[in-house]
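Step one of this worksheet: look at the structure below.
Computed from the coordinates by the stated procedures, all read-outs in this text should not be read as laboratory data. Predicted, not measured: the structure shown is a model, and the values here were computed from it. We place every Cβ from the backbone using ideal geometry, glycine too, and count neighbours over all the protein chains shown.
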Amino acid sequence: MSNGRSFYITTPIYYPSDLPHIGHGYTSVAVDTLARWHRQAGDDTWMLTGTDEHGQKMLRAAAANGVTPQEWVDKLVTQSWFPLLDTLGVANDDFIRTTQARHEERVQQFVQALFDRGYIYAGEYEALYCVGCEEFKPEAEIVDGTGAFEGLKVCAIHSKPLELLQEKNYFFKLSEFGDRLLELYKTVPDFVRPDSARNEVVSFVKSGLKDLSISRSAFDWGIRVPWDDSHVIYVWVDALLNYATAVGYGTDPEQFARRWPAYHVVGKDILRFHAVIWPAMLMAAGLDVPRGVFAHGWLLVGGEKMSKSKLTGIAPNEITDVFGSDAYRFYFLSAIAFGQDGSFSWEDLSARYQAELANGFGNLASRTIAMIERYFEGIVPPAGHELTDVDRAVQTVVAQAAADADAEMERFRIDEAIGAIWRIVDELNGYITVNEPWALAKDDAQRERLGTVLYTAAEGLRALTVLLSPVMPVATEKLWVALGAAESLGRLQDQPLREAGAWGVLRPGTNVNGLSPLFPRVEQA
Ligand code: MSP
């Protein structure tokens with residue numbers, strides 16, 4: 001089914017120092033939805049996610065729990081991070097762990113290549129380091145501590161004290177890449193999206209780049225520097241390389257050529273690593289830079305970035321246990337403009353679940369199927385020969401919504417794409433209200449008109465099901481079966497997405513099947 005167009009998309013690899021929260025889940029469902037969309041559109045799609053397992057943060061978490069770092073990451077990854085994918089309905093193609101040999105060996109090879117090309121040198125370093133960010137902090141992100149940390153310098157993101165580190169390090173000549181990076185942002189204007197993120201990156205690079213410390217010698221939980229085993233490779237250099245090592249860098253040139261370059265979706269807190277350091281590393285190695293970097297905003301709880309370390313972390317299954325994985329995906333992806341911050345609240349989630357999913361989409365599906373069962377013995381009727389303006393309006397809305405949704409997904413604006421698709425929900429609900437099939441059913445002379453109305457509703461629902469399947473794979477699968485489409489048209493995931501807006505796909509004569517509520521009423525504690 002592939003059209004030969006490669007679409008390789010990644011999530012950041014997560015720190016398994018702690019349990020996943022809904023902020024991590026947000027990044028993953030966004031990337032999964034984009035990947036499902038492209039896969040179903042026939043693009044040669046590959047979705048990668050994984051875990052970032054080295055560094056000081058991990059070492060400390062393990063020590064605090066009295067186990068080795070390897071034991072700690074093995075436990076967290078298998079007990080919490082793998083299951084998260086199931087909890088959220090994520091269909092990734094691969095999962096990379098930075099402690100895997102396939103990664104470690106290739107990272108050494110890459111760093112050696114930079115060394116051989118003259119981009120790495122040894123130097124002295126003294127600076128303030130944040131273990132939460134795993135980063136030497138620039139001036140602008142250092143603030144004065146308050147409360148228990150009064151008198152100390154703290155990280156602006158984590159509000160925790162910074163540590164003064166003084167070491168002999170190896171450095172990457174990042175400062176040499178400023179002009180080439182600025183040229184990249186100019187010639188590929190959507191290399192960094194959205195615009196706010198692009199502007200931030202451009203002004204950061206314009207203000208001048210410093211060389212980057214890429215090794216540490218004070219601890220050994222990391223990948224050894226190949227020419228000096230008293231150092232381990234800086235965890236961010238190790239981590240960024242996952243995007244290349246997972247698709248065959250250094251081992252499988254064919255796979256690498258097929259997949260690379262990637263699109264990276266990241267939270268805005270880690271934008272600079274992806275839009276500045278990573279492309280510079282690739283340029284230094286003589287490899288293609290990524291296709292693009294999209295930075296999404298933060299989930300805020302009580303006005304602050306939600307995080308475990310600030311005790312505002314909410315586990316994804318607290319939401320999915322009550323509302324289901326589809327509602328999780330729909331809520332975060334539709335309620336927050338992708339690229340901006342958004343506040344999470346249980347009230348907002350509940351209200352949207354009820355209004356948009358249960359009453360809007362769910363109810364439309366149930367009553368359409370129920371009316372076909374009641375008035376046509378469960379068999380989708382043909383549309384009559386005479387179409388009215390309202391019937392044609394539905395067809396136009398469906399075609400336009402499908403085209404707009406694809407264009408928005410292409411721009412990574414998942415929220416706008418869902419907004420476009422939702423025009424079909426509203427149109428069909430309005431159509432049923434105006435045409436009153438229950439009244440038509442009382443008059444034998446209106447039998448053909450009743451068929452037209454219910455065919456139009458069912459066919460609109462067919463398009464809606466296909467378009468929503470990347471966002472809500474569980475509910476749409478149920479609906480696909482209920483529409484009888486699984487039997488007559490084949491698997492939902494095989495329905496070509498870019499043709500979803502065509503009319504007349506669902507065949508009259510198809511047998512519908514009973515549908516239990518897609519979004520049942522929830523009882524909240
Ligand atoms: N390990 C690094 C990434 C390395 S990628 C080569 C890392 N890991 S993380 O676990 O801290 O964060 C992973 C992702 O989760 C980031 O995209 C981050 O922005 C996202 N989120 C963490 N907290 C978040 C919110 N409160 N809201 C939205 N996304 C958040 O950084």
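Quick notes on this structure:
- Going from the residue with the fewest nearby Cβ atoms within 10 Å to the one with the most, Tyr431, Tyr243 rank Tyr431, Tyr243.
- Likely footprinting exposure, Met472, Met306, fewest C-beta neighbours within 10 Å first: Met306, Met472
- Overall, the range 345-499 carries a charge dipole of about 240 debye about its Cα centre when +1 sits on the Cβ of Lys and Arg and -1 on the Cβ of Asp and Glu, all other atoms neutral.
- Annotation: for a label point projected 7 angstrom from Cα along Cα→Cβ of Glu183, residues of the range 272-290 with backbone N closer than 13 Å are 283-284.
- Distance cut-off 28 Å, percentage of C-alpha pairs in the range 345-499 lying past it: 19 percent
- A quarter of the convex hull surface defined by the alpha-carbon atoms of the chain gives 26.3 nm² as the mean projection.
- Between Asp269 and Asp288, residue separation times 0.36 nm minus the direct Cα-Cα distance comes to 4.4 nm.
- Per-residue HN-Hα couplings for the range 60-71 [Karplus 6.51, -1.76, 1.60; θ = phi - 60°; Hz; x = Gly/Pro]: 5, 5, 5, 4, 5, 9, x, 10, 6, x, 5, 4
- Sites Ala439 and Ala407 - FRET efficiency at Förster radius 35 Å, r taken between beta-carbons, to 0.05: 0.35
- If R0 is 22 Å, the Cβ-Cβ spacing of Ala355 and Arg423 corresponds to a FRET efficiency of close to 0.90.
- Using only side-chain charges placed at the Cβ, +1 for Lys and Arg and -1 for Asp and Glu, the dipole size of the chain relative to its Cα centre rounds to 220 debye.
- Between helix 325-335 and the chain: long-axis angle, C-alpha atoms, 0 to 90°, nearest 10: 80 degrees
- Label separation (Thr146 vs Glu200): 2.1 nm, computed from points 7 Å beyond Cα along the C-beta direction.
- Between helix 363-376 and the chain: long-axis angle, C-alpha atoms, 0 to 90°, nearest 10: 30 degrees
- Computed on the chain, with alpha-carbon pairs under 8 angstrom and 6+ residues apart, the relative contact order is 15 percent.
- Note, ³J(HN,Hα) from phi for the range 78-91, Karplus 6.51, -1.76, 1.60, rounded to Hz, x at Gly and Pro: 6, 7, 10, 7, 4, x, 4, 4, 5, 3, 9, x, 8, 10
- The range 131-189 versus the range 22-56: alpha-carbon centroid distance in Å: 27 Å
- Amide H contacts of His231 (H built 1.01 Å from N, under 5 Å, at least 5 apart or other chain): Val225
- Annotation: for a label point projected 7 angstrom from Cα along Cα→Cβ of Arg392, residues of the range 491-525 with backbone N closer than 18 Å are 502-504.
- Spatial offset of the range 61-91 relative to the range 321-390 amounts to 35 Å, using the alpha carbon center of each.
- Of all beta bridges that DSSP places with both ends in the chain, some 55 percent have antiparallel geometry.
- Extension gain for Asp228 to Glu304 (0.36 nm times residue separation, less C-alpha to C-alpha distance): 23.2 nm.
- Estimated [θ] at 222 nm from DSSP helical runs (n ≥ 4, -39500 (n - 2.57)) normalised by residues in the chain, nearest 500: -13500 deg cm²/dmol
- For the range 466-525 and the range 283-298, distance of Cα centres in Å: 36 Å
- Potential extension, Glu139-Glu254 segment - 0.36 nm per residue separation minus Cα distance: 37.1 nm
- Amide H to amide H distances under 5 Å link Thr45 with Phe7, where only residues 5 or more positions off or on other chains count and H is placed in the peptide plane.
- For Ala262, the amide hydrogen comes within under 5 Å of the amide hydrogens of Arg291, counting only partners 5 or more places away or on other chains and with H modelled in the peptide plane.
- HN-Hα J in Hz across the range 118-133 - Karplus 6.51, -1.76, 1.60, θ = phi - 60°, x for Gly and Pro: x, 9, 10, 9, 8, x, 9, 9, 9, 6, 8, 10, 10, 5, x, 8
- Computed from the C-beta positions of Arg117 and Trp346 and an R0 of 60 Å, the FRET efficiency is 0.70 to the nearest 0.05.
- Mean separation of Cα contacts under 8 Å, 6 or more apart, over the residue count of the range 345-499: relative contact order %: 27 percent
- Computed over the range 185-253, the percent of Cα pairs more than 13 Å apart is 75.
- Leading residue at positive end of dipole, the chain (Cβ point charges), from Ala284, Phe171, Tyr26: Ala284
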